[in-house]
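The structure appears below as structure tokens.
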Amino acid sequence: MKNQITSALSDFFFEYETPRQVLVRNRRVGVVCRLIQLGVLVYIIGWVFIYEKGYQSTDTAISSVFTKMKGVGYTNDSGGERVWDVADYVFPSQGDSSFVVMTNYIMTEGQSMGTCPELPGKHDCSTDADCEGGSFKRTGNGEMTGVCVKRTKTCEVLAWCPVEDDREVPDPPLLLSAENYTLFIKNSVTFPAFDVSRSNLVEDIDSNYISRCLYHPDNAPLCPIFKLGDIIKLSDLDFQTIAKVGGAIGIVVDWTCNFDVDVKHCKPEYTFHGLYGSKEGASVGYNFRFARHYMEDKIQKRTLLKVFGIRFDIIVHSLARKFDIIPTLTAIGSGVGIFGVATVVCDLVLLYLLPKREFYKNMKFKYTDTQVQQDSESVGVDTNVYYTLEENAKQAQGKDQSKDPDSEAGSTETDVSKK
């Protein structure tokens with residue numbers, strides 16, 4: 001018993017079993033196998049390693065963005081001259097990554113709380129019965145008092161009076177000077193997995209360079225100062241059109257970095273995308289209302305502005321890569337596994353498609369037969385030898401295959417040597 005256990009352990013630890021292989025000399029099957037293996041090799045090297053960079057690990061950045069606008073605008077609306085600075089035309093004023101620059105407006109000055117008639121078309125009437133007191137209309141300016149104003153043939157409302165008249169948008173835009181405003185973007189990113197921090201103010205940028213540079217995609221691609229007119233042009237939009245009714249621009253700061261080389265090569269790229277504002281359709285452009293309240297003769301009043309502006313959304317896109325042994329081994333292992341596809345396909349061709357598939361089945365598989373086992377034992381012949389002799393007898397009865405260009409006569413089986 002002890003010897004049996006020792007022998008079993010010895011066989012388990014010191015022996016290696018390999019699958020039985022059959023060498024098939026068939027040109028068609030061989031070409032199919034090599035073509036599949038070549039395709040797998042091209043996929044692994046070209047797609048997995050070169051294009052997808054499967055030998056590297058990846059990380060995305062934690063990012064922060066600060067912005068600052070500069071520029072002064074001038075308007076002369078109905079004889080009223082006015083200068084607009086950053087505090088007047090930027091909303092909000094905190095320097096966020098998403099903000100609006102006013103390019104056009106409709107101003108309603110001196111509004112105070114009281115009763116006044118609605119605008120024509122808002123809620124027309126012919127008698128007081130057409131104006132339901134205490135009710136509101138979604139597109140109206142206030143609460144209806146139940147009175148129909150004969151002069152305007154509209155309902156009277158309790159609201160900030162006089163009500164805003166926004167039926168005509170100024171054209172050309174009042175703040176066309178916004179085209180010359182400049183935007184400064186300061187962006188910092190950190191890749192925690194690689195312990196790397198970068199800023200768009202890279203090594204080549206200093207205070208002297210910033211004071212004189214202006215972004216250009218070819219001549220100054222790293223300058224963080226952008227002229228609004230250039231941004232609109234690079235977004236494939238017309239400035240005057242988008243300035244009239246407003247719109248939105250996406251500024252993408254792209255950090256695609258390879259940390260297998262020096263970190264200083266990790267630099268941002270800027271792209272610009274017009275999101276909406278210039279196409280025909282419902283609700284074209286972008287606008288909102290803003291009020292400045294004040295007291296006059298102890299009466300609360302306000303100046304209401306319907307602001308048409310360009311909304312800027314600064315979006316940071318990041319992806320960093322660096323060599324890592326784990327994804328490398330994973331990619332290699334998966335590639336080696338895919339090589340097995342060639343074996344599966346060739347086996348299917350051999351066993352199910354070729355005319356002499358039965359011959360290949362007999363060469364590839366061994367079948368256990370209890371009766372044959374008993375017969376071989378009764379004559380004292382090893383089972384493998386018995387099967388080999390039986391197979392040779394079957395082959396001897398077949399036709400001559402020497403004239404077949406894909407002859408299986410070259411198929412080799414070294415399972416049993418002649419005794």
Exercise for the section: Evaluate region 207-219: report whether one residue or more is within 23 Å of the chain's Cα centre (by Cα) and surrounded by 14 or more Cβ atoms within 10 Å (Cβ to Cβ). Expected result: no
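Of VAL65, VAL72, which residue is in contact (Cβ under 8 Å) with a residue 12 or more places away in the chain and either in contact with a helix residue (DSSP H, G or I) (Cβ under 8 Å, 6 or more places away or on another chain) or closer than 19 Å to ASN287 by Cα (or both)?
That would be VAL72, the only listed residue that is in contact (Cβ under 8 Å) with a residue 12 or more places away in the chain and either in contact with a helix residue (DSSP H, G or I) (Cβ under 8 Å, 6 or more places away or on another chain) or closer than 19 Å to ASN287 by Cα (or both).
Residue-wise test of (1) outside the structural domain of SER112 (by TED's automatic domain parsing); (2) of a type in the set (Ser, Thr, Tyr).
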| residue | (1), (2) |
| --- | --- |
| ARG289 | no, no |
| GLU296 | no, no |
| ILE299 | no, no |
| THR303 | no, yes |
| PHE308 | no, no |
| SER318 | no, yes |
| THR328 | yes, yes |
Problem - Restricting region 320-329 to residues that are in contact (Cβ under 8 Å) with a residue 12 or more places away in the chain and exposed (fewer than 14 other Cβ atoms within 10 Å of the Cβ), the residue that is farthest from ASN200 (Cα to Cα) - result: ILE326
Exercise for the section: Assess whether ASN104 counts as being without any contact (Cβ under 8 Å) to a residue 60 or more places away in the chain, assigned by TED's automatic domain parsing to the domain that holds ASN258 and in a strand (DSSP E or B). Expected result: no
Exercise for the section: Check whether at least one residue in region 83-95 is touching a residue at least 40 places away in the same chain (Cβ under 8 Å) and assigned to a strand (DSSP E or B), and report yes or no. Expected result: yes
Exercise for the section: Within region 26-34, identify whether any single residue is over 30 Å from CYS346 (Cα atoms) and not in a loop (DSSP other than H, G, I, E, B), and answer yes or no. Expected result: no
Handout entry: Residue within region 242-257 that is part of a loop (DSSP other than H, G, I, E, B) and aliphatic (A, V, I, L, M) present
Key = no
Completion exercise
The condition from (1) closer than 30 Å to MET363 by Cβ; (2) free of Cβ contacts under 8 Å to residues at least 40 places away in the same chain; (3) surrounded by 11 or more Cβ atoms within 10 Å (Cβ to Cβ) that GLY46 misses is numbered (1)
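Inspect region 154-170 for any residue being closer than 19 Å to PHE290 by Cα, among the aliphatic types (A, V, I, L, M), in contact (Cβ under 8 Å) with a residue 40 or more places away in the chain and part of a loop (DSSP other than H, G, I, E, B) and give the result as yes or no. Can you show your working first?
So in region 154-170, the residues closer than 19 Å to PHE290 by Cα come out as 159-170.
Narrowing further to those that are among the aliphatic types (A, V, I, L, M): 159, 163, 169.
So of that shortlist, the ones also in contact (Cβ under 8 Å) with a residue 40 or more places away in the chain come out as 159, 163, 169.
Checking which are part of a loop (DSSP other than H, G, I, E, B) leaves us with 163, 169.
The answer is yes; a qualifying residue exists.
The values are calculated or read from the model by the stated rules, or taken from the named source; none is laboratory data. Worth saying up front: this structure is predicted, and the values here are computed from it rather than measured. With ideal geometry, Cβ positions are generated from the backbone for all residues, glycine too; neighbour counts draw on all protein chains shown.
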